Ligand SMILES: Cc1cc2nc3c(=O)[nH]c(=O)nc-3n(C[C@H](O)[C@H](O)[C@H](O)COP(=O)(O)OP(=O)(O)OC[C@H]3O[C@@H](n4cnc5c(N)ncnc54)[C@H](O)[C@@H]3O)c2cc1C
């Protein structure tokens, strides 16, 4: 019987092992942790749970992996062998790398000062949750989407945090979407702004930050780092984000090696350099099935959805600045359709092909969100008139009609 080794027993690795089991293939999971961690029911939810037991269990507990090897860190996969940092070597017919992502270390000076928390693990979320309970001025800085989730949890406890966004890892919100987000944040007592903290100042503990020449006082600071793929050495160059570069079958450029989840970087994806961090189960199952001999592909357009501030915010494909940085000739059309709904579309100026789409709407809305704009082959015209009578994608089709009125090629 052929044997598959799965490196990493998180969401993607567990899904890969589960799929191998379904195909009747013997899969062994290797993880650097001594025990499998629970799935991401959400780190932000851990704030305020201090002292309470966490009831979530690891995805590996549900997956039917044939065997697991814990406490073993894999450093390389070479010639069909998985090489561990302790020198152990494991041989397999195929390998699925699902080692996930890690957090980019912050560069701001003084960020480890007492009262500052780099939110890079479940434990740090819990510590920040405790410390912020007694703080007057709470500042959250760093990556925007996760920052909003953290700010929302604090506001629900009666705090009035400020959020200073230095980057939006999954693309910056278009102006109409940002308007909806900012208003929803303000309604909860969250002030939202842009800025990058260069220094944390204070004598014994955090008292303020320096950002863009301004001094912003705070007594509890949370820094939300960007996520980057965990690097595993292969006899093939890594992707531009440092991940294992894979094709649409999730095959790496090394024989018998597949990758999935946050460490896998899809070649030719839109947006470019995207990893599969937001689709750990889908990609894990695909890599697992293909390592067991199937031939399943995944699409090149990456989608993402987040529920925050009572809103559901979804995106497919790249934002306009990313397209422009790639030299693509694109335009963006967008509008806020109501207090809590907005849509924007990024399309090719010459052809009207829709490259990226973004929708925000109430989280309980029954609408289909991005609808068929996520297909990768939609045009302004197909989105505007392709779904007569459908209310499912009204924000998308209304925005596409708006785009058609100004698009010179129509
Ligand atoms: C408690 C908790 C809460 C989380 N909350 C969120 C959240 O709110 N939002 C969010 O986006 N993500 C969250 N995550 C992360 C999220 O689970 C995953 O990043 C995401 O599901 C992608 O899955 P993955 O399988 O690619 O990576 P992961 O689920 O991170 O799995 C990677 C696995 O590989 C193992 N590994 C890493 N390097 C090596 C190595 N060199 N050798 C062997 N094993 C290795 C890790 O120990 C880990 O078990 C959370 C994770 C945990 C544990």
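The values are calculated or read from the model by the stated rules, or taken from the named source; none is laboratory data. For clarity, every value in this text was computed on a predicted model and none was experimentally measured. Reconstructed Cβ throughout: ideal geometry from the backbone, glycine too, with neighbour counts over all protein chains shown.
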Residue hits (the range 16-37; within 8 Å of the ligand (Cβ to nearest atom) and at pLDDT 95 or above) are 30, 31, 32
Which residues, taken from the range 275-299, are in contact with a strand residue (DSSP E or B) (Cβ under 8 Å, 6 or more places away or on another chain), part of a loop (DSSP other than H, G, I, E, B), touching a residue at least 60 places away in the same chain (Cβ under 8 Å) and more than 11 Å from the ligand (Cβ to nearest atom)? 292
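Conditions (1) within 14 Å of the ligand (Cβ to nearest atom); (2) crowded, with 22+ Cβ neighbours inside 10 Å; (3) at pLDDT below 90, marked per residue:
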position	(1), (2), (3)
45	yes, no, yes
49	yes, no, yes
71	yes, no, no
76	yes, no, no
84	yes, no, no
131	no, no, no
139	no, yes, no
144	yes, yes, no
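Residues checked against (1) closer than 21 Å to residue 240 by Cα; (2) part of a helix (DSSP H, G or I); (3) assigned by TED's automatic domain parsing to the domain that holds residue 362:
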| residue | (1), (2), (3) |
| --- | --- |
| 265 | yes, no, no |
| 273 | yes, no, no |
| 307 | no, no, no |
| 322 | yes, yes, yes |
| 328 | yes, no, yes |
| 334 | no, no, yes |
Test of understanding: among 217, 272, 175, 255, which residue is out of contact with any helix residue (DSSP H, G or I) (no Cβ under 7 Å at 6 or more places or on another chain), within 30 Å of residue 84 (Cβ to Cβ) and surrounded by fewer than 21 Cβ atoms within 10 Å (Cβ to Cβ)? 255
Since residue 231 meets every condition but one in (1) more than 29 Å from residue 131 (Cα to Cα); (2) within 16 Å of the ligand (Cβ to nearest atom); (3) at pLDDT 95 or above, which condition does it not meet? (3)
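Based on this model, can you work out whether residue 102 counts as part of a strand (DSSP E or B), under 30 Å from residue 319 (Cα atoms) and within 16 Å of the ligand (Cβ to nearest atom)?
Criteria met by residue 102.
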Residue 236 fails exactly one of (1) in contact with a helix residue (DSSP H, G or I) (Cβ under 8 Å, 6 or more places away or on another chain); (2) modelled with pLDDT under 95, namely (1)
Say we look at the range 1-13 and pick out the residues that are modelled with pLDDT of 95 or more and within 9 Å of the ligand (Cβ to nearest atom); which of these is farthest from residue 277 (Cα to Cα)? 7
Enumerate the strands (runs of 3 or more DSSP E) found wholly within the range 192-237, keeping only those where 3 or more residues are in contact with a strand residue (DSSP E or B) (Cβ under 8 Å, 6 or more places away or on another chain) and under 21 Å from residue 97 (Cα atoms). 227-229
Only residues that are away from the ligand (no atom under 16 Å from the Cβ) and under 21 Å from the mean Cα position of the chain (by Cα): list them for the range 112-129, please. none
